[in-house]
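Heads up, the thing below is written out as structure tokens.
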Amino acid sequence: MSSRDSKFPRIATSRRDLLKVFGAGTALAATAGCAGTPFISRGSAGRVVVVGGGFGGATAAKYLKRGNPALEVTLVEPNATFYTCPFSNLHLAGERAMSGIAHNYEELKQVYGVRVIHTRAEDVDPVAKTVKLGNGNTLSYDKLVLSPGIDIRWDALEGYDQAAAEHAPHAWQAGDQTRLLRRQLEAMEDGGTFILSAPANPFRCPPGPYERASLIAHYLGKHKPRSKVLILDAKDNFSKQGLFMQGWRENHGDRIEWVGLSGDGKVVRVDAAKREVVTEFGTVHKASVLNVVPPQKAGLIAHRAGVTDASGWVPVNPQTFESQRVKDIYVVGDATVAAPMPKSGFAANAQGKVAAAAIVAELDGRSLPKPYWANTCYSLITPDYGISVAAVYKLNEEGQIYAVPGSDGVSALDAPLVTRRLEAEYAVGWYNAISQDTWGTVL
């Protein structure tokens with residue numbers, strides 16, 4: 001499918017359908033989450049400001065212009081180059097350059113006519129309907145889309161603040177932190193211990209810490225074979241747990257040790273300078289390289305806009321992803337409360353399309369389209385060994401999001417190696433497809 005094609009593919013309604021689409025590695029993969037019908041309109045116009053140029057925001061900006069080219073769409077994103085968290089673990093493992101997770105906004109500007117401003121959104125006035133920018137300017141809007149991603153809860157883990165992150169990086173926002181953690185791994189002496197502290201739910205990319213541990217174990221096995229990985233976890237269960245543990249046994253032997261909440265895995269204090277952590281029952285662990293994935297919340301601009309609740313996340317109207325708290329502000333991606341959809345790049349992309357369809361319809365005075373969403377998440381245990389989880393989502397009669405029965409599921413346990421290799425290939429196809437759909441980037 002061309003990135004300019006206004007038609008949407010048939011919505012996959014089963015796990016088999018999903019895998020047929022996702023495994024193909026085409027642009028169809030990233031269009032699986034969208035409104036149920038095309039929403040082209042050419043008779044209305046309005047001003048829409050989109051804050052955040054990741055999977056959710058860039059997709060929303062593109063699909064707003066696809067839905068109504070007459071709309072004045074402005075994307076506010078501080079970074080001219082956006083680095084994705086998906087596939088950043090491959091960089092940590094030395095298997096992919098940073099350029100392989102880098103994306104720009106040229107297609108949005110040149111093909112779709114989106115105005116892109118590289119500065120930070122500092123504040124929102126929902127009464128005046130304005131966004132204050134870091135460069136001193138102010139933008140007015142009819143509709144506002146926030147896709148702010150996550151911020152770190154710097155006050156949630158004793159000893160872990162922004163200064164500590166320069167010694168014990170989180171690398172949960174891709175870019176400089178990713179580079180820092182990679183340099184630390186390269187400098188680590190053979191025989192050392194890489195410690196990863198995983199947070200309680202909810203947080204961005206639920207399988208992410210365990211894929212990271214997997215790929216770093218792969219790197220250590222190749223380059224520092226006497227070294228180990230220790231995961232200290234604030235919970236007793238995690239996404240795709242059985243598949244990860246099976247993959248660890250098959251690929252990494254005893255190189256990875258996982259300690260859950262009931263085994264005293266919850267980290268309560270960090271001494272980043274010493275690269276030490278203390279768990280709930282007072283156990284001290286010393287790391288050669290310490291990676292702290294801390295508790296999280298919605299990005300700062302969501303709090304400034306008044307759309308977050310006491311949880312730190314954003315409750316939304318499931319049909320449109322409009323804020324439940326502030327009219328005409330739509331929030332997509334990791335910042336939202338959208339369970340059972342996870343906080344993933346694919347979910348953000350799907351939510352961006354639904355919000356765009358709703359905004360185009362509302363500005364055109366038409367009834368809202370019926371939303372559908374899809375999610376798939378591939379995880380790599382080695383570059384050639386993949387596992388996945390997938391689902392299709394709709395609204396039930398009460399207007400709440402639910403996973404369509406029979407559409408959700410995970411890779412089979414005890415699958416043959418050829419299946420794991422195929423899923424690793426599908427993961428690359430998925431990444432290329434969603435990158436092309438979101439930014440128009442072909443890597």
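Once the convex hull of the C-alpha atoms of the chain is built, how many Å³ does it hold per residue, rounded to a whole number?
That works out to 134 Å³ per residue.
Give the cross-link partners of Lys62 among the lysines, using a straight C-alpha distance below 19 Å as the criterion and excluding same-chain residues fewer than 8 apart.
Those lysines meeting the cut-off are Lys7, Lys109, Lys143, Lys353.
About the Cα centre of region 153-295, how large is the charge dipole given +1 on each Lys and Arg Cβ and -1 on each Asp and Glu Cβ? Please answer in debye to the nearest 20.
Around 380 debye, computed over region 153-295.
Placing +1 at every Lys and Arg Cβ and -1 at every Asp and Glu Cβ, with all other atoms neutral, what dipole size does the chain have around its Cα centre, in debye to the nearest 20? Numbers along the way, then the final one.
Details: 48 positive and 44 negative charges, 176 e Å.
With Lys and Arg at +1 and Asp and Glu at -1, about 840 debye.
Just to check, using Stokes-Einstein with a Kirkwood Rh over alpha carbon pairs, what's the diffusion coefficient of region 348-412 at 25 °C and 0.890 mPa s in µm²/s? List each step's numbers first, then the result.
Details: Rh = 13.8 Å.
So the translational diffusion coefficient is about 177 µm²/s.
Among Leu243, Ala273, Gly67, whose Cα sits farthest toward the positive end of the charge dipole of the chain (+1 at Cβ of Lys/Arg, -1 at Cβ of Asp/Glu, about the Cα centre)?
Gly67
Which one of Ile359, Ala298, Gly191 has its Cα pushed farthest toward the positive end of the charge dipole of the chain, where Lys and Arg give +1 and Asp and Glu give -1 at the Cβ?
Ile359
Output the peptides 201-208, 354-361 sorted from most to least packed, where packing is the average of other Cβ atoms within 10 Å over each peptide's residues.
Result, highest mean first: 354-361, 201-208.
Across every pair of different alpha-carbon atoms, what Kirkwood hydrodynamic radius in Å does region 110-232 reach?
Answer for region 110-232: a Kirkwood hydrodynamic radius of 17.9 Å.
Taking the C-alpha atoms of region 284-443, how large are the radius of gyration and the largest Cα-Cα span, Dmax, in Å?
That works out to 18.4, 61 Å for Rg and Dmax.
List, in order, the whole-Hz ³J(HN,Hα) value for each residue of region 63-69 obtained from phi through the Karplus relation with A = 6.51, B = -1.76, C = 1.60 and θ = phi - 60°; use x for Gly and Pro.
3J(HN,Hα) across region 63-69, in whole Hz: 6, 5, 6, 5, x, 8, x.
Against the empirical 2.2 N^0.38 Å scaling, what ratio does the C-alpha Rg of region 65-181 come to?
Expressed relative to 2.2 N^0.38 Å, the Cα Rg reads 1.29.
What is the distance in Å between the Cα centres of region 334-353 and region 263-291?
If you average the Cα positions of each part, the centres end up 31 Å apart.
Rounded to the nearest 500 deg cm²/dmol, what is the calculated helix-only ellipticity per residue at 222 nm for the chain, with -39500 (n - 2.57) per DSSP H run of length n ≥ 4?
My calculation for the chain gives -8500 deg cm²/dmol from helical runs alone.
Just to be sure I understand the model, the point goes 7 Å from the Cα along the line to the Cβ. What's the resulting Ala415 to Glu280 distance in nm?
3.3
For a quick check: with amide H placed at 1.01 Å from N, whose amide H comes under 5 Å from Thr441's, ignoring anything fewer than 5 positions away on the same chain?
Excluding prolines and chain starts, which carry no amide H, the hits are Gln436.
For region 287-298, take each phi angle, set θ = phi - 60°, evaluate the Karplus expression 6.51 cos²θ - 1.76 cosθ + 1.60, and give the result in whole Hz per residue in order, putting x for glycine and proline.
The phi angles translate into 10, 7, 10, 10, 10, 9, 9, x, x, 9, 8, 5 Hz.
Within region 153-295, how many Lys pairs that are eight or more residues apart, or on different chains, come under 17 Å at the alpha-carbon?
Close lysine pairs under the 17 Å cut-off: 4.
Could you tell me which of rounded, prolate or oblate describes region 377-443, using a ≥ b ≥ c as the square roots of the eigenvalues of the alpha-carbon gyration tensor, with rounded for a/c under 1.5 and, failing that, prolate when a/b is larger than b/c and oblate otherwise?
Oblate, since a/c reaches 1.5 and b/c is not below a/b.
Any idea what angle helix 345-363 forms with the longest principal axis of the chain, computed on alpha-carbon atoms, 0 to 90 degrees, nearest 10?
Relative to the chain, helix 345-363 is tipped by roughly 10 degrees.
Once you've got the Cα coordinates, tell me which of Lys129/Lys370; Lys297/Lys370; Lys132/Lys394 are over 32 Å apart.
Among Lys129/Lys370; Lys297/Lys370; Lys132/Lys394, the Cα-Cα distance tops 32 Å for Lys132/Lys394.
Per 10 Å bin from zero, what fraction in whole % of the C-alpha pairs of region 153-295 is there, up to the bin with the longest pair?
12, 46, 37, 5
Please list 3J(HN,Hα) in residue order for region 185-195, calculated via the Karplus relation 6.51 cos²θ - 1.76 cosθ + 1.60 where θ = phi - 60°; whole Hz, with x for glycine and proline.
5, 5, 7, 5, 6, 5, x, x, 10, 8, 10
Sort 314-320, 63-69 by packing, meaning the average of other beta carbons within 10 Å per residue, with the highest value first.
Ranking the peptides 314-320, 63-69 by packing returns 63-69, 314-320.
What are the extents of the Cα atoms of region 84-143 along their three principal axes, listed from largest to smallest and rounded to whole Å?
48, 26, 20
Considering amide H positions built from the backbone, and no H for Pro or chain starts, which residues 5 or more places from Val51, or on another chain, come under 5 Å of its amide H?
Under 5 Å from the amide H of Val51: Val76, Val145, Leu146, Ser147.
Considering amide H positions built from the backbone, and no H for Pro or chain starts, which residues 5 or more places from Trp258, or on another chain, come under 5 Å of its amide H?
Residues meeting the criterion, in which the H sits 1.01 Å from N, are Ile231.
Highest mean first, how do 277-287, 386-396 rank when packing is the count of other Cβ atoms within 10 Å averaged over residues? Don't jump to the answer; show the numbers that get you there.
Details: 277-287: 15.6, 386-396: 21.6.
Averaged packing, sorted descending, gives the order 386-396, 277-287.
Since every read-out is calculated from the coordinates, none of them should be taken as a lab result. Given the structure is predicted, the values throughout are model-derived calculations rather than measurements. Positions of Cβ are backbone-derived with ideal geometry, glycine not excepted, and every protein chain shown enters the neighbour counts.
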